[in-house]
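Take a look at the structure set out below.
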Amino acid sequence: MNLSEAMQIPAWSPLRSVASEAKEVLPLIYEVQENLFLRAQPYNERFEQDAAAAPYVTLLYWAASFSALERQVKGDETIPASPGAKVPSALLLGTNGTYEELKKALSARSATPIETASYTNKGDFLFKEISGNGLTYCFTSPDIVAEQTPCLVKIKLGRTA
């Protein structure tokens, strides 16, 4: 499964119906291709548990490295989000992938970019984030660094018909 195919998966699809070969690499996190992962939940969109169909896919991650994904999923600031692969062009909105360029591109697409940060339960910094158009770009610096590129992209999956 490639990135384009993964981005077409409807949210709340049973994992086995969309990515039967996916390998669980963290609890409820499945690798579908190098640097590409699906998050799943043990219940459906109505919060009903159906062991026969579970788990259900809810989110897609592209990660530059496994450690970047692990930092996000575990919420552990001690895990370094080490650099790795370059962000695929399909996720760069026609930019070079830097913080400033992504922010401008989201604004130009009529999406008001939302700039936030995520923290651990203890208040330790995890990521600086820019969100818009169903994409959330995660950066390792707590400061706005114009030339920094994302180490992780969270991709919202579409709703079922």
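The values are calculated or read from the model by the stated rules, or taken from the named source; none is laboratory data. Everything numeric in this text was worked out from a predicted model, so none of it was measured. Using ideal geometry, Cβ is built from the backbone for each residue, glycine included, and neighbour counts are taken over all protein chains shown. SASA here: full protein model, heavy atoms, side chains in, ligands and nucleic acids out. Shrake-Rupley method; radii C 1.70, N 1.55, O 1.52, S 1.80 Å.
State whether the residues of segment 59-76 include one that is touching a helix residue (DSSP H, G or I) at 6+ places or on another chain (Cβ under 7 Å) and either basic (K, R) or over 14 Å from K154 (Cα atoms) (or both). Looking through segment 59-76, none of the residues is touching a helix residue (DSSP H, G or I) at 6+ places or on another chain (Cβ under 7 Å) and either basic (K, R) or over 14 Å from K154 (Cα atoms) (or both).
Every condition in (1) exposed (fewer than 15 other Cβ atoms within 10 Å of the Cβ); (2) under 12 Å from the mean Cα position of the chain (by Cα); (3) of a type outside the set (D, E, K, R) holds for S17 except the one numbered (2). E24 meets the conditions (1) of a type outside the set (A, V, I, L, M, F, W, C); (2) within 16 Å of L152 (Cα to Cα); (3) in a strand (DSSP E or B) in every case but one. The failed one is (2).
Take C151 and decide whether it is over 25 Å from Y56 (Cβ atoms) and surrounded by 21 or more Cβ atoms within 10 Å (Cβ to Cβ). I'd like the intermediate steps shown before the answer.
Working: over 25 Å from Y56 (Cβ atoms): yes; surrounded by 21 or more Cβ atoms within 10 Å (Cβ to Cβ): yes.
Yes; evaluated as a whole, the condition is true for this residue.
Quick one: in segment 46-76, which of the residues that are free of Cβ contacts under 8 Å to residues at least 40 places away in the same chain and within 18 Å of A11 (Cβ to Cβ) is least open to solvent (accessible area, probe 1.4 Å)?
Of all residues in segment 46-76, those free of Cβ contacts under 8 Å to residues at least 40 places away in the same chain come to 46-53, 67.
Next, only the ones that are within 18 Å of A11 (Cβ to Cβ) stay: 46-50, 53.
Details: R46: 153, F47: 145, E48: 86, Q49: 145, D50: 65, A53: 18 Å².
It comes out as A53.
Within segment 77-92, residues that are farther than 19 Å from P142 by Cα sit with their Cβ atoms under 6 Å from residues that are part of a loop (DSSP other than H, G, I, E, B), at 6+ positions apart or across chains, in these pairs: G84/A64; G84/S65; A85/N35; A85/A64; V87/G97; V87/P150.
Can you name the residue in segment 104-148 that is open to solvent by 30 Å² or more (accessible area, probe 1.4 Å) and among the aromatic types (F, W, Y) and is also nearest to V73 (Cα to Cα) among such residues? Top of the filtered list is Y119. None of S131, S107, S67, S118 is in contact with a Gly (Cβ under 9 Å, 6 or more places away or on another chain) and either part of a strand (DSSP E or B) or of a type in the set (F, W, Y) (or both) except S118.
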